[in-house]
Every structure is written in structure tokens, then in C-alpha cells.
Amino acid sequence: MALEFLKIQDEGFVRLVTISRPKALNALNTGVLAELMAEMQRAEADPGCRVVVLTGEGKAFVAGGDIAQMSEMNPAQALKYAEQGHALMRFMEGMTKVVIAAINGYALGGGSELALGCDIVIASRSAKIGQPEVKLGIIPGFGGTQRLARVVGRNAAKEWVLTGDMYTAEQAMRIGFVNKVVDDDKVVAEAMDMAKRIAANGPVAVAVAKKAINEGLQMPLNQALEYEASVFANLFDTHDQKEGTKAFLQKRTPKFEGK
Ligand code: CAA
């Protein structure tokens, strides 16, 4: 498929996906959302891809949903648009592959929500992050009122969503939105480096660990611990578990096959 809004680059098991609509600060119109969904589906199905790094071209990661498109929408169209955004973030969360956001600049509205749908967030020191939707007379529609509160807590989420203020990467790291802040010219390199470390680990274990954290957060603790024990036990039937433990004892690097 010819891509209009994305650039793709593979380095070993890591796929770098760059959103490239710089004239509109990479705003998520329906076309960008559709291409992102198709690329995530392709990454999920590709055994040659273990981790996706998502970044933006130019001065923005993503400056939000597309305000020009939204200005013309009626409620039925807005619902469809929100559902398209939700479908993408839910697909990313459900992937067996890991998705890392490399926030290179503005991550506002739908851009902040896209990062919230990723597993890990690295941000450049000068990045600006926030949920400014109320300034437009709307609210976050791609999961911001829900995921932000779950990631940073109720009160911080309310401050972000109700003021619409922009925050620095350091401020976003202090409340747990961002994992790591790096110099502007290092953000993609840092995300790629972390992605490669994850890609070198047992792929089945990485997928099961991601799922255990995501699913467990939806459960009461006792049920979540039972869930963890059962998926931990299931791994003892995998090639990767045999290879990983044997390689340690034989003092060599494991050759994981993802099965
Ligand atoms: N949608 C559509 N176009 C956008 C856009 C967006 N979210 N953000 C920026 N653009 C466009 C601008 O209209 C401008 O286009 P023109 O050159 O054709 O005029 C171009 O990108 C460059 O933007 P600016 O001139 O505004 O750049 P700046 O450096 O002066 O300001 C900014 C940067 C502070 C990020 C500013 O662009 C801005 O505030 N953008 C909107 C941020 C926003 O409100 N995001 C939330 C959108 S609503 C949403 O996301 C809902 C949801 O949950 C899905």
C-alpha cells in the first residue's frame, strides 16, 4: 500500500514509523488514522517486527485531532471519528508487539492520546504535551479523559483536561506520563535503543508481560495475581523459556524464536 502520511524504516526487529504531515503539525485526520491502523496491523502480523517506535516529522509529534475536519462534523460524524481513534489506541494496547512513543515536539489533544495508547513514552526536552480540547469547546475524544486519569491519577488528569494547559516533558515525567526525557536531537535514538533492548528479549515473554500489566490493571489485585501465576506457568511450555534459562546456565546469549 502506498503511504501518504507515514514513513517506515526497519532496523533489525524494530520498526520506526514517522507520521509525516508536517504542514498540519501531523494532525490526525481520518486518513492518518487509517494509515496508522493499517501499519500497526501489518507490524502485528509481521514476525520480523517486535517493537514499533512512533514519532513525528518536524516540530510536532502530533498536534491533535484535525481541527479543520472536526469543524465540519455533526454528532454522528464526531462519534465515528472518536471510534476510529479509539479503535487505533485499543489495537495498539492489544498488540503482542511493543509500541514506544518518541515525542519529538507538540503532543496535544489526539497526539497526547496517541502517546497514552503506547506502552512507553520518551520525550524530547522541549516537547509540549497537553489536552487543550476545552479551548475548542470540546473534550478529549481519543481516550484522554479515561487513559490519562488511569496513567497519572484523577486530580492531575482533571488539571490537564480542565485547564487545557501545555506541560513540559519534565512536568509530564513527574506525574508518570513520560518515562524518560532526553535532549531534542536524541529522542528517536533513545527510543530506538530501548526498542532494541526490548526486541532482544524473549518475544513471547514480552507479549505476555505487556498483556499481564494491561489486563491486570482492569482487575482486583487478588484476581490479577492469579492471572499472573497462570500466564507465568504457561510460559514454561515455550521454546523461549527453555532457551532463555538454558542459555543463562551455559553463559551464552539466548537465541529466542518467539515460540
Ligand atoms: N488540526 C489541524 N491543523 C492543525 C492542527 C490541528 N490540530 N494544529 C496545527 N495545525 C495547522 C495550523 O492550522 C497551521 O496551518 P496553516 O499553516 O495552514 O495555517 C499549521 O498546522 C501550523 O500551525 P501553527 O501556525 O498554529 O503553528 P504554531 O507553531 O504557531 O503553533 C501549536 C503550534 C501551538 C501546536 C498550534 O498549532 C495549536 O495550538 N494547534 C492546535 C492544538 C490543539 O488544539 N489540539 C487539539 C485538537 S482537538 C483533539 O485532538 C480532539 C481529540 O481528542 C481527538
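The values are calculated or read from the model by the stated rules, or taken from the named source; none is laboratory data. Note that the structure is predicted; figures quoted are calculated from it, not measured. FYI the Cβ positions are ideal-geometry reconstructions off the backbone, even for glycines, and counts take in every protein chain you see. With ligands, DNA and RNA removed, areas are computed over all heavy atoms of the protein, side chains included. Shrake-Rupley method; radii C 1.70, N 1.55, O 1.52, S 1.80 Å.
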Report task. Can you confirm whether region 34-42 contains a residue that is closer than 21 Å to residue 209 by Cα, at pLDDT 95 or above and open to solvent by 10 Å² or more (accessible area, probe 1.4 Å)? Result -> yes
Report task. Output yes when any residue across region 44-51 is on the phi < 0 side of the Ramachandran plot, buried (at least 19 other Cβ atoms within 10 Å of the Cβ), assigned to a strand (DSSP E or B) and within 16 Å of the chain's Cα centre (by Cα), and no when none is. Result -> yes
Report task. Please find, among 229, 209, the residue that is under 24 Å from residue 146 (Cα atoms) and either at pLDDT 95 or above or open to solvent by 50 Å² or more (accessible area, probe 1.4 Å) (or both). Result -> 209
Query raised in the report: Would you pick out the residues in region 101-137 that are more than 12 Å from the ligand (Cβ to nearest atom), closer than 12 Å to residue 184 by Cα and small (Gly, Ala, Ser)?
Result: 102, 123, 124, 126
Report summary line: Residue hits (region 93-102; out of contact with any Asp or Glu (no Cβ under 8 Å at 6 or more places or on another chain) and assigned to a strand (DSSP E or B)) are 101
Query raised in the report: Looking at 36, 108, which one is farther than 21 Å from residue 207 by Cβ and outside the structural domain of residue 208 (by TED's automatic domain parsing)?
Result: 108
**Report entry** In region 136-156, the residues that are without any contact (Cβ under 8 Å) to a residue 40 or more places away in the chain and closer than 18 Å to residue 82 by Cβ
**Finding:** 137, 139, 140, 144, 145, 146, 148, 149
Query raised in the report: What number goes with the only condition from (1) more than 12 Å from the ligand (Cβ to nearest atom); (2) of a type in the set (A, V, I, L, M); (3) in contact with a Phe, Trp or Tyr (Cβ under 6 Å, 6 or more places away or on another chain); (4) within 25 Å of residue 29 (Cα to Cα) that residue 152 does not pass?
Result: (4)
Report task. Taking the residues in region 54-92 that are surrounded by fewer than 18 Cβ atoms within 10 Å (Cβ to Cβ), more than 9 Å from the ligand (Cβ to nearest atom) and among the charged types (D, E, K, R) as candidates, determine which candidate is nearest to residue 113 (Cα to Cα). Result -> 90
